[in-house]
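Participant: Take a look at the following structure, please.
Every read-out reported here was derived from the displayed coordinates using simple, explicitly stated rules and does not represent laboratory data. Computed from a prediction, not measured in an experiment: that's the story for all the values here. Heads up, the Cβs are rebuilt from the backbone with ideal geometry, glycines too, and the neighbour counts pull from every protein chain shown.
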Amino acid sequence: MKRTGTVITLIIILLLSTAGIFYIYQKDLEDPITYTTEQPTKETIIKETVATGSIVPK
């Protein structure tokens, strides 16, 4: 009984390892993602805030 459990555990480990290697192999076959880049520009940052209400002195 103990030997059967060991064999089943080793078979499960072997199957999971094979599935993992197959997954990594499939991901390696995909084309890499290419990104487009833009050149930096100098611009002025304007930050405006709109507040409601009124200013009341103390």
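Participant: Sorted by mean Cβ packing within 10 Å, highest first, what order do the peptides 27-39, 7-19 take?
Facilitator: So the order, starting with the most tightly packed, is 7-19, 27-39.
Participant: Quick one: in region 6-58, what % of C-alpha pairs are over 17 Å apart?
Facilitator: Distances greater than 17 Å cover 74 percent of the Cα pairs.
Participant: For the chain, with the dipole built from +1 on Lys and Arg beta-carbon atoms and -1 on Asp and Glu ones, taken about the Cα centre, which of GLN39, THR49, PHE22 lies farthest toward the positive end?
Facilitator: Checked the options; the winner is PHE22.
Participant: I've got another one for you. Could you give the length gained on full extension between ILE46 and SER17, defined as 0.36 nm per residue of separation minus the Cα-Cα distance, in nm?
Facilitator: Here the answer is 4.8 nm.
Participant: Rounded to the nearest 20 Debye, what is the dipole magnitude of the chain about its Cα centre when Lys and Arg each give +1 and Asp and Glu each give -1 at the C-beta?
Facilitator: It works out to roughly 540 debye.
Participant: To continue, here is another question. If one takes the longest principal axis of the Cα atoms in the chain, at what angle in degrees, from 0 to 90 and to the nearest 10, does the Cα axis of helix 2-29 lie?
Facilitator: 50 degrees
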